[in-house]
């Protein structure tokens, strides 16, 4: 039986050698041929996609908006501070150095235009009044002398030169009175009718030039005030200015009349609104930002001067025939050597779309290629979605 087993094994080995020889020699002109490798067709690949379930989408806080639309996602996030409305603002002070003798208003008081806020005793007022009285007396004497010289000249009892000198003194006296009167007017005083009123007119009355609220009082009873000091500050608190900083690259989206919404830390659950009234013509060299003035109504007095505001300005929609598409900067993510956005194809399914950026600002970018207006893209959470893409 063992002998039969070895016989079968020898016959099998011989058969395999014959078959191998046939495979090797089969070919043209009896030459040995190596079998050609199998042909592999090109791999068909679609656009890259990222798929996430509903729970992951919520955890990553992924938000989707239409590209190029004037939606809430496409707005400038700005910062600034509240200031007084400088068109309804006044600083009231003494025109000469003096001491405060009376105070009639306190901080927080509502005052009308022309209200008496206090008084300041200024010794220089007496000097100004005395100068006017002296100038007027000189004028009276010059007038009398000029008339006398004119009469004598007509009688040929004096020379023409004496009459001319008298007229010259008269003109000088008139100029002196006019100068003294203008100085009194600049100090807010009327011309005295007699010399006995000089002793009583050595006080300034501090008068409010506008209607508003006393927001600051730097005057102290008995304290000294210089001509450059502001004793009272009056402002209309019913309307404020929000001074917003806008970077140069975002300035093209800001127009006079545009509505601005903002919030303050004191009332985080409230939204205040105002409108752009003025865009300053110069730019701060250090911050590279331009100040934009927003007029903010404040009828209930909740807003305060100096408060920090977080403003939101809607980016105006682009023209229908514009080639560029505006998107938030955070929607664009770097992947490899290019930049992509995530286009929603279905719930939880996002296409990775390569785009070309034409212009980029701190918050808004304009795309030249790769995206059509109206396509729904990820505007919040794109960075985290990029991380999920790199994991796949």
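The values are calculated or read from the model by the stated rules, or taken from the named source; none is laboratory data. What you see is a predicted model, and the numbers here were worked out from it, not measured in a lab. Cβ: placed from backbone, ideal geometry, glycine included. Neighbour counts: every protein chain shown.
Side notes on the structure shown:
- Hits in region 248-283 - residues which are farther than 17 Å from residue 314 by Cα and either in contact (Cβ under 8 Å) with a residue 12 or more places away in the chain or in a helix (DSSP H, G or I) (or both): 264, 265, 266, 267, 270, 280, 283
- A count restricted to region 373-386 and to residues that are modelled with pLDDT under 85 and surrounded by fewer than 17 Cβ atoms within 10 Å (Cβ to Cβ) stands at 1.
- Strands (runs of 3 or more DSSP E) enclosed by region 300-370 - at least 2 residues per element that are surrounded by 17 or more Cβ atoms within 10 Å (Cβ to Cβ) and modelled with pLDDT of 90 or more: 308-314, 338-346, 349-360
- Residues that are touching a residue at least 60 places away in the same chain (Cβ under 8 Å) and exposed (fewer than 15 other Cβ atoms within 10 Å of the Cβ) within region 127-180 comprise just one, 130.
- So residue 222, is it in the same structural domain as residue 303 (by TED's automatic domain parsing), in a loop (DSSP other than H, G, I, E, B) and surrounded by fewer than 19 Cβ atoms within 10 Å (Cβ to Cβ): no
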